């Protein structure tokens, strides 16, 4: 069996990959909380880069989408232990780790596992979401306040991100899986990691990192460029500009997720890189 596993947040799950009729039904903005958006997951999985990559490019591979909205890189790495495939039965396996925001920190939700050993989260999000995630933001809850004031720092963020990358890298080596690393939207990127923890950064196999071989540092940067409506000076301020739109652009939505066309671009870029890196894949 050939399997391609996608790890990441909403940019991997496929949020934003909705058909035109859904955008029209919601008057151009679809930004529902997780417990009200389960009916969207089938669209997200269908149009995610994970599925498109296997459907249109690596057609001998079966997609396994482990992306979950809102999680960080810690949760993404640990999702490998929660999935159903028996890795020893995979003939050819590729893990694509699509990095989320470096500052996010994940905890397992209370009640994440039921009596049948099927992984799930609490009753609101049962059946899909396993993690509770925080990031630096005051006033959201006591937990978020403590994380912001007492845990979060640039050094801790870099070390945590690198440990998550190395965990996936080691998992792949242990299970004879090919490894690909990508960055969804965090503009701190590789240089930030080296600046704050070069001894760990030197342990990462950066030959697996697509952005070392492309002229864009994140996939968000590429999609903004392809939409071609912001000046070069304004492209770094894309978040605010897109958030104020009444309707998505061709490649990026106003909730800052790829559209169906955006996921197709990501899938094509990843397919090209995988064929370069692993010509016998």
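Please treat every number below as a calculation from the coordinates, not as lab data. Since the model is a prediction, treat every value here as computed from it, not as a measurement. Cβ sites come from the backbone with ideal geometry, for glycine too, and all protein chains shown count toward neighbours.
Determine the calculated [θ] at 222 nm for the chain from helices alone, applying -39500 (n - 2.57) to every DSSP H run no shorter than 4 residues and normalising by the residue count; nearest 500 deg cm²/dmol.
Taking each H run of at least 4 residues, the total per residue is -10000 deg cm²/dmol.
Here the stretch 9-31 and the stretch 179-207 have alpha carbon centers that stand 30 Å from each other. Overall size of the stretch 123-200 from C-alpha positions, given as principal axis extents largest first: 42, 37, 21 Å. Listed by Cβ neighbour count within 10 Å, with the fewest neighbours leading, 5, 41 appear as 41, 5.
Scaled against 2.2 N^0.38 Å for its residue count N, the alpha carbon radius of gyration of the stretch 123-281 is 1.19.
Taking the fewest neighbouring Cβ atoms within 10 Å as the starting point, the ordered list for 35, 57, 196 is 35, 57, 196.
Can you tell me the convex hull volume per residue for the chain, based on C-alpha atoms, in Å³ to the nearest whole number?
Taking the convex hull of the Cα positions in the chain, it is 139 Å³ per residue.
Modelled spin-label separation between residue 170 and residue 194, with each label point placed 7 Å from Cα along the Cα-to-Cβ direction: 2.4 nm. Beta bridges assigned by DSSP with both partners in the chain are antiparallel in approximately 25 percent of cases. Using C-alpha pairs below 8 Å separated by at least 6 residues, the relative contact order for the chain is 22 percent.
By other beta-carbon atoms within 10 Å, ranking 236, 79 with the fewest at the front produces 236, 79.
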